[in-house]
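Notes to accompany the following structure.
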Amino acid sequence: MILAFQNKKKIQALAKGVNAVWADLDAIQSNTKWPVIFSGITTMAPIEQARRYGLDYWYVDSGYMGNHKRKNYLRVCKNSIHASGDIIARPRDRLDRLQVDTTQISRGSSVLIIPPDAKQASHFDIDNVDTWLADTVSRIQELTDRPIQIRHRPASRTTRMSADTLVQALAQDINVVVTFISNSGVEAVLHDIPVISLGPSACVKVSPWSLDQIDAVPDIDAEAKEAWMRHLSYSQFTGEEMSNGTAWSILNE
């Protein structure tokens, strides 16, 4: 049996595909046996219970690639909120369908910091995003003389997709991106701008650098990037693929 926590649109298709049983908070907090699927980074109960009893959980959220005008793809991650585990060798078939923009952006000289939003901060016990940002800026200034730019996530998805895009920001003399767990890190790597992730980002296997290396971060390796993109394409699915069992079959290969 698999439990599904909170009847949210993001997990309805996957719940159908695995014949999950919907569970309320009491059921989750008393669960000592069954894996759980859920969505929502502020929803800690399934994770806490899974860690306490050694249970598996599956987290569903926005996909990494292929979501252009609409969010057609959702990622499904096992025991993590991001696909931050080892890269699995995959064919290119799913990646080819996504029409991913991988146009190379030439590296500049600046550091672009993308702070976590309030939900991400809450999940990782970051009490104050402004304090996190100030501390991160201070640490970077100790390590490099590179100029620092800061990009807060635009509130509107329409703005993020058209008027104030990350691609536009990356083209403004950026050498490296420092982020926490944001999907923006994935987009930066797609355009060959390396990322330093300060949390469990999906970028860590292809851009595994630390702040101590910020003044000499290597270029993204093309071969590693290709394997990583293929891997990510096999961790995200359409609603139809989740409801008909395709996603579950792939995830449990």
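Some notes on this structure:
- The chain: angle of helix 222-233 to the longest principal axis, Cα-based, in degrees nearest 10: 30
- Val195 long-range amide H proximity, modeled H, under 5 Å: Val177
- Long pairs among Lys16/Lys119; Lys69/Lys119; Lys8/Lys119; Lys78/Lys205; Lys33/Lys78, criterion Cα-Cα beyond 19 Å: Lys16/Lys119; Lys69/Lys119
- Packing-based ranking, highest mean first, of 189-198, 54-63 given that Cβ atoms within 10 Å are counted: 189-198, 54-63
- The angle separating the long axis of helix 129-143 from the principal Cα axis of greatest extent in the chain is about 40 degrees.
- Between Thr131 and Asp219, the FRET efficiency from the beta-carbon distance, with R0 = 45 Å, is close to 0.90.
- Formal net charge of residues neighbouring Gly40 (Cβ-Cβ distance under 12 Å; K, R +1; D, E -1): +3
- Percent accessible area from carbon and sulfur atoms, the chain, protein chains only, probe 1.4 Å: 46
- Ordering of 176-187, 211-222 by packing [mean C-beta count within 10 Å, highest first]: 176-187, 211-222
- Among 90-97, 45-52, 34-41, the peptide with the highest mean count of other Cβ atoms within 10 Å heads the list, and the full ranking is 34-41, 45-52, 90-97.
- Cα gyration tensor category, rounded, prolate or oblate, for the stretch 25-141 with a/c compared to 1.5: oblate
- For the stretch 105-220, the per residue solvent-accessible surface stands at 45 Å², with DNA, RNA and ligands left out and a 1.4 Å probe.
- Aspartates and glutamates with Cα under 15 Å of Lys225, excluding same-chain neighbours fewer than 8 positions away: Asp86, Asp96, Asp101, Glu187, Asp192
The values are calculated or read from the model by the stated rules, or taken from the named source; none is laboratory data. For clarity, every value in this text was computed on a predicted model and none was experimentally measured. Ideal geometry is used to build each Cβ from the backbone, glycine not excepted, and the neighbour counts take in all protein chains shown. Each accessible area value is taken on the protein alone, full model and side chains, heavy atoms only, with ligands, DNA and RNA left out. Shrake-Rupley method; radii C 1.70, N 1.55, O 1.52, S 1.80 Å.
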